[in-house]
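Working notes, beginning with the structure itself.
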Protein chains: 2
Amino acid sequence: MAEQAETLHRTPLSRERVLRAAVALADEAGIESLSMRNLAQDLGVVPMALYKHVANKDELLDGMIDVVVGEIRAPEPGTDWKRAVRGRILSAREVLQRHPWAPLAIESRNMATPAILAYLDSTIGTFRAGGFTVDLTHHVMHAMGSRILGFSQELFDADRRAGRSGRADTDPPTALPPEIAARFPHVAEIAMAASHDDESVLGQGCDDQFEFEFALDLLLDGIERLHRHGWASARRPG
Amino acid sequence: MAEQAETLHRTPLSRERVLRAAVALADEAGIESLSMRNLAQDLGVVPMALYKHVANKDELLDGMIDVVVGEIRAPEPGTDWKRAVRGRILSAREVLQRHPWAPLAIESRNMATPAILAYLDSTIGTFRAGGFTVDLTHHVMHAMGSRILGFSQELFDADRRAGRSGRADTDPPTALPPEIAARFPHVAEIAMAASHDDESVLGQGCDDQFEFEFALDLLLDGIERLHRHGWASARRPG
DNA sequence: TCCCCTGGTGTACGGCGTACACCTACTACC
DNA sequence: GGTAGTAGGTGTACGCCGTACACCAGGGGA
């Protein structure tokens, strides 16, 4: 019977299947345990079999990124540029939260993958359709940076670093140890305010979604202002 | 004589020396060739000797980050918050350009190193001294994200990815291949405008420094506006 | 019938981080 | 001066990694 199971051969590998298995593995076990060997084992196959479908591990990562980026929802057409861009970026953020390893993977790779280019192209198109000059659009895209793909690379969030496995326990208050608080009083002050829900609007710890939208709107509002005022690049005087 | 050279022993290792050698190695050869073995060889020592001074490779990386962050210039006192923050961030940017591997290293690590905390603490202090509420300061720090440490994690710059060795040849025009341009017309339009120096203000390719300051000022101006209007967090209505 | 081509296999190599036992030279103390 | 303890460099070895290369099964076309 084992023989029969052998015989009616498992659905054969394909680039598609390899990529999806890789994304699933990274989602569940963290990017640090995505090795060709582990991935092969998940697929019930010998490690070298993967190389018939992806050139090497780097190319595997590129493929995984494209899978993820492909999940981002296109903006509904007919809305104004600001709403369209905002909606799309928030959709990107949702996607990346399902794949916590992706931001770091994206940043550490070449970035010229087809899906990313398509995404950027479409976003640029939204600005252009909204009446932005090529010039302003260019700078705006730079200014949005990685946020345009839904992540902001905070300096704080200890979560999600280095691709932790899925839902780690969202850390409770975790008042920072007193010797730290003493050395860094200003940090302590903020941490304090953020964890006490006295009259502070912030509930338990930081509300990541709020912070993301705060920064996003700060940028979008600034951009809108530049656009309305017909901003054109002229190097600011020294 | 070899014996004598042996005998008057080389200056002994120290955490300090190990860290500086590691930074130098990463600067010159790229972070991908920073291995405990290579580093030991550079120091004329056997790999395991390093473990008497750093606990493991992760701790080595943390130490390297602290070395780099320690190079950031403190703002001259007595200036207004905006000038102080801006100056310091631009100083941070200079430092990180000397250590192209650092942004990725920083992002992939835990971030709670003493030097980083001290840096954040001092920056927060600048905002507070400028009259910002704890609340606004908190959000502002989030909004600045990694930019506060001098890097923006662009999606474009192919340079500097994954810690290339020092000065790679700054790529010439490099008009993107026509089949790409056809598939991604909006990207092509921008690339075109950026490389032609016709009447476009941008010289050859992108001016990274300009883009960085553009985004930085966009944020700082927006922040200033919030501050002046006495912004206080109240969740935006759905 | 034969051949080739697609795709899975097995073995092996060099590099990595690092555990662990060892040795050596120096310092402190009697 | 002798001895014990310790800080710091050494050597060996293990298990993991990516992947080169030779091989092989089986199915489809000539």
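Checked across segment B:3-13, the condition of being away from DNA strand D (no atom under 15 Å from the Cβ), within 14 Å of chain A (Cβ to nearest Cβ) and not hydroxyl-bearing (Ser, Thr, Tyr) holds for no residue. Pairs are defined by a Cβ separation below 7 Å, a sequence spacing of at least 6 or placement on different chains, a first member in segment B:217-231 that is closer than 18 Å to residue B:88 by Cβ, and a second member that is not in a helix (DSSP H, G or I); the pairs so defined are B:227/B:132. What's the total number of residues in segment A:67-90 that are within 20 Å of residue A:20 (Cα to Cα) and in contact (Cβ under 8 Å) with a residue 40 or more places away in the chain? Residues flagged as within 20 Å of residue A:20 (Cα to Cα) and in contact (Cβ under 8 Å) with a residue 40 or more places away in the chain within segment A:67-90 amount to 5.
The residue list A:30, A:78 contains one member that is more than 15 Å from DNA strand C (Cβ to nearest atom), at pLDDT below 95 and on the phi > 0 side of the Ramachandran plot, which is A:78.
Just to be sure before I move on: is residue A:60 more than 10 Å from DNA strand C (Cβ to nearest atom), part of a helix (DSSP H, G or I), in contact (Cβ under 8 Å) with a residue 24 or more places away in the chain and of a type in the set (A, V, I, L, M, F, W, C) in the structure I sent? Yes. Against the conditions (1) over 14 Å from residue A:150 (Cα atoms); (2) modelled with pLDDT of 95 or more; (3) part of a helix (DSSP H, G or I), residue A:44 satisfies every one except (3).
The C-beta contact set for segment B:109-127 (first residue more than 7 Å from chain A (Cβ to nearest Cβ), second residue surrounded by 17 or more Cβ atoms within 10 Å (Cβ to Cβ) and at pLDDT below 90, distance under 7 angstrom, 6+ apart or interchain) comprises B:126/B:75.
Conditions tested, residue by residue: (1) surrounded by fewer than 20 Cβ atoms within 10 Å (Cβ to Cβ); (2) under 27 Å from residue A:182 (Cβ atoms).
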{"site": "B:105", "(1), (2)": "yes, no"}
{"site": "B:114", "(1), (2)": "yes, yes"}
{"site": "B:124", "(1), (2)": "no, yes"}
{"site": "B:138", "(1), (2)": "no, yes"}
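Would you check if residue A:90 is hydrophobic (A, V, I, L, M, F, W, C), within 16 Å of DNA strand D (Cβ to nearest atom) and either within 23 Å of residue A:123 (Cβ to Cβ) or surrounded by 15 or more Cβ atoms within 10 Å (Cβ to Cβ) (or both)? Here the answer is no, as residue A:90 does not meet what is asked. The set of residues in segment A:128-155 being more than 7 Å from chain B (Cβ to nearest Cβ), within 18 Å of the chain's Cα centre (by Cα) and in a loop (DSSP other than H, G, I, E, B) consists of A:150, A:151. Within the span defined as segment B:111-122, every residue fails to be over 20 Å from residue A:185 (Cα atoms) and either among the hydrophobic types (A, V, I, L, M, F, W, C) or under 14 Å from the mean Cα position of the chain (by Cα) (or both). The single condition from (1) modelled with pLDDT of 95 or more; (2) within 16 Å of DNA strand C (Cβ to nearest atom) that residue B:109 fails is (1).
Let's see how each residue does on (1) assigned to a helix (DSSP H, G or I); (2) out of contact with any strand residue (DSSP E or B) (no Cβ under 7 Å at 6 or more places or on another chain); (3) not hydrophobic (A, V, I, L, M, F, W, C):
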residue	(1), (2), (3)
B:26	yes, yes, no
B:67	yes, yes, no
B:73	no, yes, yes
B:119	yes, yes, yes
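In segment B:33-65, the qualifying residues are those that are more than 14 Å from every other protein chain (Cβ to nearest Cβ) and away from DNA strand D (no atom under 16 Å from the Cβ), and the one that is surrounded by the fewest Cβ atoms within 10 Å (Cβ to Cβ) is B:34.
The values are calculated or read from the model by the stated rules, or taken from the named source; none is laboratory data. All of these numbers come straight from a predicted model, not from anything done at the bench. Quick reminder, even Gly has a Cβ in these numbers, built from the backbone with ideal geometry, and neighbours come from all protein chains shown.
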